[in-house]
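The values are calculated or read from the model by the stated rules, or taken from the named source; none is laboratory data. Nothing here was measured: the structure is a model prediction, and the numbers come from that model. Positions of Cβ are backbone-derived with ideal geometry, glycine not excepted, and every protein chain shown enters the neighbour counts.
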Amino acid sequence: MRGRGLDVVITSGAGTASTEMAAFDAALQQAGVAHFDVIRLSSLIPPGSRINAPQRWSALAGAWGDRPYALNAEHRVSAPGERACAGLRWVQNVETGAAVLVEHGADQSAVEAQLKATLDDLAARRPGRCSGPAWRIGSAACDIYPLAAVVVAAMRVEP
(Lines give C-alpha, C1' and ligand atoms only; values in the text may rest on other atoms or scores of the structure.)
Protein backbone atom coordinates (compact mmCIF):
# COMPACT_ATOMS: atom_id res chain seq x y z
CA MET A 1 0.00 0.00 0.00
CA ARG A 2 2.70 2.46 -0.96
CA GLY A 3 1.40 5.61 -2.53
CA ARG A 4 1.92 9.33 -2.40
CA GLY A 5 4.97 9.10 -0.17
CA LEU A 6 7.31 11.90 0.72
CA ASP A 7 11.05 12.05 1.20
CA VAL A 8 11.46 13.44 4.71
CA VAL A 9 14.87 14.81 5.76
CA ILE A 10 15.49 15.46 9.43
CA THR A 11 18.08 18.11 10.26
CA SER A 12 19.04 19.99 13.39
CA GLY A 13 20.95 23.07 14.43
CA ALA A 14 21.81 25.39 17.28
CA GLY A 15 22.84 29.01 17.10
CA THR A 16 23.61 32.07 19.19
CA ALA A 17 23.01 35.73 18.43
CA SER A 18 22.14 39.05 20.08
CA THR A 19 18.42 38.17 20.47
CA GLU A 20 16.44 34.93 20.78
CA MET A 21 14.87 35.52 17.34
CA ALA A 22 18.28 36.04 15.74
CA ALA A 23 19.53 32.91 17.55
CA PHE A 24 16.58 31.00 16.07
CA ASP A 25 17.65 32.16 12.60
CA ALA A 26 21.24 31.06 13.33
CA ALA A 27 19.92 27.62 14.35
CA LEU A 28 17.90 27.42 11.11
CA GLN A 29 21.11 28.34 9.21
CA GLN A 30 22.96 25.45 10.84
CA ALA A 31 20.06 23.11 10.07
CA GLY A 32 20.22 24.15 6.39
CA VAL A 33 16.70 25.59 6.14
CA ALA A 34 17.08 29.33 6.85
CA HIS A 35 16.57 30.22 3.18
CA PHE A 36 13.03 28.78 3.29
CA ASP A 37 9.64 30.08 4.40
CA VAL A 38 8.72 26.97 6.42
CA ILE A 39 5.07 25.86 6.48
CA ARG A 40 4.49 24.04 9.75
CA LEU A 41 2.57 20.75 9.71
CA SER A 42 1.24 18.45 12.39
CA SER A 43 2.56 14.96 13.04
CA LEU A 44 1.31 12.68 10.23
CA ILE A 45 3.44 11.52 7.29
CA PRO A 46 1.61 9.79 4.39
CA PRO A 47 2.02 6.16 3.31
CA GLY A 48 4.98 5.37 1.09
CA SER A 49 7.24 7.93 2.77
CA ARG A 50 10.95 7.58 3.44
CA ILE A 51 12.55 9.23 6.48
CA ASN A 52 16.26 10.08 6.35
CA ALA A 53 18.04 11.48 9.41
CA PRO A 54 21.71 11.72 8.39
CA GLN A 55 24.37 12.76 10.88
CA ARG A 56 25.60 15.39 8.40
CA TRP A 57 23.68 17.18 5.68
CA SER A 58 24.07 20.12 3.38
CA ALA A 59 21.49 22.88 2.98
CA LEU A 60 18.28 21.46 1.59
CA ALA A 61 17.74 22.07 -2.12
CA GLY A 62 15.51 24.98 -2.97
CA ALA A 63 15.58 28.69 -3.73
CA TRP A 64 15.31 31.66 -1.39
CA GLY A 65 11.71 31.89 -0.13
CA ASP A 66 10.63 28.42 -1.33
CA ARG A 67 8.15 26.74 1.01
CA PRO A 68 8.94 23.36 2.51
CA TYR A 69 6.30 21.62 4.52
CA ALA A 70 7.89 20.70 7.84
CA LEU A 71 7.42 19.59 11.40
CA ASN A 72 9.84 21.33 13.70
CA ALA A 73 10.78 21.49 17.35
CA GLU A 74 12.45 24.53 18.83
CA HIS A 75 13.61 25.90 22.15
CA ARG A 76 15.13 29.30 22.92
CA VAL A 77 16.99 30.43 26.05
CA SER A 78 18.81 33.61 27.01
CA ALA A 79 20.21 33.13 30.53
CA PRO A 80 23.83 31.95 30.76
CA GLY A 81 24.00 28.29 31.77
CA GLU A 82 20.51 27.42 30.48
CA ARG A 83 20.26 24.66 27.86
CA ALA A 84 18.12 24.86 24.75
CA CYS A 85 16.90 21.41 23.72
CA ALA A 86 14.62 20.43 20.85
CA GLY A 87 13.69 16.99 19.62
CA LEU A 88 11.66 14.89 17.20
CA ARG A 89 10.74 11.24 17.71
CA TRP A 90 8.92 9.02 15.23
CA VAL A 91 7.64 5.58 14.35
CA GLN A 92 6.87 4.30 10.87
CA ASN A 93 4.35 1.63 9.85
CA VAL A 94 6.40 -1.22 8.35
CA GLU A 95 3.65 -2.23 5.88
CA THR A 96 2.53 1.17 4.57
CA GLY A 97 5.40 3.59 5.25
CA ALA A 98 3.02 6.00 7.02
CA ALA A 99 4.67 7.68 10.01
CA VAL A 100 3.83 9.62 13.15
CA LEU A 101 6.27 12.26 14.39
CA VAL A 102 6.13 14.28 17.60
CA GLU A 103 8.08 17.36 18.62
CA HIS A 104 8.99 19.02 21.91
CA GLY A 105 11.33 21.75 23.09
CA ALA A 106 12.42 22.32 26.71
CA ASP A 107 15.28 21.18 28.93
CA GLN A 108 16.85 17.85 27.90
CA SER A 109 15.29 15.53 30.50
CA ALA A 110 11.84 17.05 29.87
CA VAL A 111 12.21 16.74 26.08
CA GLU A 112 13.20 13.07 26.27
CA ALA A 113 10.32 12.23 28.63
CA GLN A 114 7.76 14.26 26.65
CA LEU A 115 8.83 12.75 23.32
CA LYS A 116 8.52 9.21 24.68
CA ALA A 117 5.16 9.75 26.41
CA THR A 118 3.59 11.60 23.48
CA LEU A 119 4.75 9.16 20.82
CA ASP A 120 3.75 6.14 22.91
CA ASP A 121 0.21 7.57 23.17
CA LEU A 122 -0.05 8.51 19.48
CA ALA A 123 1.40 5.21 18.22
CA ALA A 124 -0.92 3.16 20.46
CA ARG A 125 -3.93 4.68 18.67
CA ARG A 126 -2.63 3.84 15.19
CA PRO A 127 -3.13 0.45 13.48
CA GLY A 128 -0.34 -1.79 12.24
CA ARG A 129 3.16 -2.73 13.28
CA CYS A 130 5.69 0.08 13.54
CA SER A 131 9.45 0.27 13.29
CA GLY A 132 11.44 2.34 15.69
CA PRO A 133 11.08 4.54 17.48
CA ALA A 134 13.81 6.76 16.11
CA TRP A 135 14.69 10.25 17.25
CA ARG A 136 16.87 13.31 16.79
CA ILE A 137 17.58 15.65 19.69
CA GLY A 138 19.61 18.86 19.46
CA SER A 139 20.88 20.56 22.58
CA ALA A 140 23.36 23.31 23.49
CA ALA A 141 24.19 25.49 26.49
CA CYS A 142 23.74 29.25 26.53
CA ASP A 143 26.97 31.13 27.16
CA ILE A 144 26.72 34.91 26.87
CA TYR A 145 24.25 35.44 24.04
CA PRO A 146 20.75 33.98 23.54
CA LEU A 147 20.71 30.49 22.06
CA ALA A 148 18.18 28.46 20.07
CA ALA A 149 18.03 24.78 19.15
CA VAL A 150 15.90 23.37 16.31
CA VAL A 151 15.14 20.00 14.81
CA VAL A 152 13.31 20.07 11.47
CA ALA A 153 11.62 17.28 9.51
CA ALA A 154 11.47 18.88 6.06
CA MET A 155 9.22 17.46 3.35
CA ARG A 156 8.12 18.54 -0.12
CA VAL A 157 9.50 21.95 -1.17
CA GLU A 158 7.35 24.20 -3.37
CA PRO A 159 8.39 27.40 -5.16
Exercise. Considering segment 59-70 alone, what residues qualify as being of a type outside the set (A, V, I, L, M), part of a loop (DSSP other than H, G, I, E, B) and surrounded by 11 or more Cβ atoms within 10 Å (Cβ to Cβ)?
Worked result: Gly62, Asp66
Exercise. Taking into account only those residues within segment 22-51 that are within 15 Å of the chain's Cα centre (by Cα), modelled with pLDDT of 90 or more and among the polar types (S, T, N, Q), which is surrounded by the fewest Cβ atoms within 10 Å (Cβ to Cβ)?
Worked result: Gln29
Problem set entry | Condition met for Val77 (closer than 24 Å to Gly32 by Cβ and either of a type in the set (Phe, Trp, Tyr) or in contact (Cβ under 8 Å) with a residue 40 or more places away in the chain (or both)) | yes
Exercise. Looking at Phe24, is it assigned to a loop (DSSP other than H, G, I, E, B) and in contact (Cβ under 8 Å) with a residue 40 or more places away in the chain?
Worked result: no
For this session: Consider only pairs whose beta carbons are under 9 Å apart and that are at least six residues apart or on different chains; among these, list those whose first residue lies in segment 88-108 and is within 15 Å of Ala154 (Cα to Cα) and modelled with pLDDT of 90 or more and whose second residue is surrounded by 22 or more Cβ atoms within 10 Å (Cβ to Cβ) and among the acidic types (Asp, Glu).
Result: Leu88/Glu103; Arg89/Glu103
Exercise. Within segment 74-83, how many residues turn out to be out of contact with any helix residue (DSSP H, G or I) (no Cβ under 8 Å at 6 or more places or on another chain), of a type in the set (Gly, Ala, Ser) and surrounded by 13 or more Cβ atoms within 10 Å (Cβ to Cβ)?
Worked result: 0
Exercise. Just checking, how many residues over segment 67-84 are in contact with an Asp or Glu (Cβ under 7 Å, 6 or more places away or on another chain) and either over 17 Å from Gly13 (Cα atoms) or of a type outside the set (Gly, Ala, Ser) (or both)?
Worked result: 6
For this session: Hey, could you check segment 140-156 for residues that are part of a strand (DSSP E or B) and surrounded by fewer than 17 Cβ atoms within 10 Å (Cβ to Cβ) and say which is modelled with the highest pLDDT?
Result: Ala141
Seminar exercise, completed: Picked from segment 88-102 (must be out of contact with any Phe, Trp or Tyr (no Cβ under 6 Å at 6 or more places or on another chain) and not aliphatic (A, V, I, L, M)), the residue surrounded by the most Cβ atoms within 10 Å (Cβ to Cβ) is Trp90
Seminar exercise, completed: Only one of Gly105, Gly97, Gly132, Gly87 is part of a strand (DSSP E or B), among the small types (Gly, Ala, Ser) and out of contact with any Asp or Glu (no Cβ under 9 Å at 6 or more places or on another chain), namely Gly132
For this session: From (1) surrounded by fewer than 16 Cβ atoms within 10 Å (Cβ to Cβ); (2) touching a residue at least 12 places away in the same chain (Cβ under 8 Å); (3) out of contact with any Lys or Arg (no Cβ under 6 Å at 6 or more places or on another chain), pick out the condition that doesn't hold for Arg56.
Result: (2)
